[in-house]
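The structure under discussion appears below in the form of structure tokens.
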Amino acid sequence: MKLLRYGPPGQEKPGLVDSDGRIRSLAGVIDDLAGAALGPDSLARLAELDAGSLDPVDEPVRLGPCVAGVGKFLCIGLNYADHAAESGMEVPAEPVVFMKATSAIVGPNDDVEIPRRSEKTDWEVELGVVIGSTAKYVSEEEALDHVAGYCVVNDLSEREFQLERLGQWVKGKSCDTFAPIGPYLVTRDEAPDPQNLGLWLEVDGHRYQDGSTSTMVFGVAKLVSYLSQFMSLQPGDILSTGTPPGVGLGQKPQVYLKPGQQMRLGIEGLGEQTQRTVAAP
Ligand code: ZN
């Protein structure tokens, strides 16, 4: 299933995409795409619905973030060997983990703000993993049972805030609008092999990133298991699994975003995002 949220910011309703590609409303069926609604029992119930009996949604409509009530936004750094190389860093011996403020989350096609005093705002297309049921001390073999599905993430990053200021990466990763997610939460049955998906990103029509999740250092099952040794993962938590090469930091000379540009990015089977860059108010 392709699940989504539609409507104005803060007033989104849940929906799904039917077999003809039309959006149908899940309002009244579930409260939102959040918490227990992301669990295996709930997803099984949704899969049994006759989509034709659900109200069609007038399109075009704004799409919101594909998950609501995100408790934790966990990110993995340097998880593609060729991206680590372009960043001038070693491939880590175990996953590099950092967090992004959940206030950065926006819809897949919402404007992205270039923060005040930013000169190095950069892009990162990433496979996002949405947790569907609590995972605590799970093995790699059990890990995917706790995954509701996948989504496209743009892990926007301000490189000066991230790398040239003191302390952790979180300052460069958490600016408002730095986490577009969606358009869809694609359930796991529709993406049975998360380690074989093409992913790409273009700025103003120039393709900078063109990779495959097959070259991840640590795969999804490993990452979910690994993180669950340090903290419980809860329904609605998002794990962004790192970016392939081709970010602005890795260009020679480096290339960064300015207001008035357009990013397009996508992952095979998970849909596409389009964002316009604007100056932060
Ligand atoms: Zn990233």
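The values are calculated or read from the model by the stated rules, or taken from the named source; none is laboratory data. Please read all numbers here as calculations on a predicted model, not as lab measurements. Neighbour counts run over all protein chains shown; Cβ positions are idealised from the backbone, glycine included. Just so you know, the surface numbers come from the protein's heavy atoms only, side chains and all, with ligands and any DNA or RNA stripped out. Shrake-Rupley method; radii C 1.70, N 1.55, O 1.52, S 1.80 Å.
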**OP:** Filter the stretch 68-86 down to the residues that are within 12 Å of the ligand (Cβ to nearest atom) and not in a loop (DSSP other than H, G, I, E, B), then identify the one that is farthest from the chain's Cα centre (by Cα).
**Re:** Ala84
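Results for (1) in contact with a strand residue (DSSP E or B) (Cβ under 7 Å, 6 or more places away or on another chain); (2) away from the ligand (no atom under 12 Å from the Cβ), shown as yes or no for each residue.
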site	(1), (2)
Leu239	yes, no
Pro244	yes, no
Gln251	no, yes
Met263	yes, yes
Glu268	yes, yes
Glu272	yes, yes
Arg276	yes, yes
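Every residue in the stretch 1-26 that is of a type in the set (Gly, Ala, Ser) and either crowded, with 17+ Cβ neighbours inside 10 Å or out of contact with any Gly (no Cβ under 8 Å at 6 or more places or on another chain) (or both), please.
Listed by number, the residues that qualify are Gly7, Gly10, Gly15, Ser19, Gly21.
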Subject >> Of residues in the stretch 124-139 being assigned to a strand (DSSP E or B) and either small (Gly, Ala, Ser) or within 16 Å of the ligand (Cβ to nearest atom) (or both), the one nearest to the chain's Cα centre (by Cα) >> reply: Gly128
**OP:** Being farther than 15 Å from Met263 by Cβ and open to solvent by 50 Å² or more (accessible area, probe 1.4 Å) is the filter; apply it to the stretch 103-119 and report the residue that is farthest from the chain's Cα centre (by Cα).
**Re:** Arg117
Original post:
So which pairs qualify, if the first residue must be in the stretch 154-175 and free of Cβ contacts under 8 Å to residues at least 12 places away in the same chain, the second must be part of a loop (DSSP other than H, G, I, E, B), the Cβ gap must be under 6 Å, and the two must be at least 6 apart or on different chains?
Top reply: Gln162/Trp169
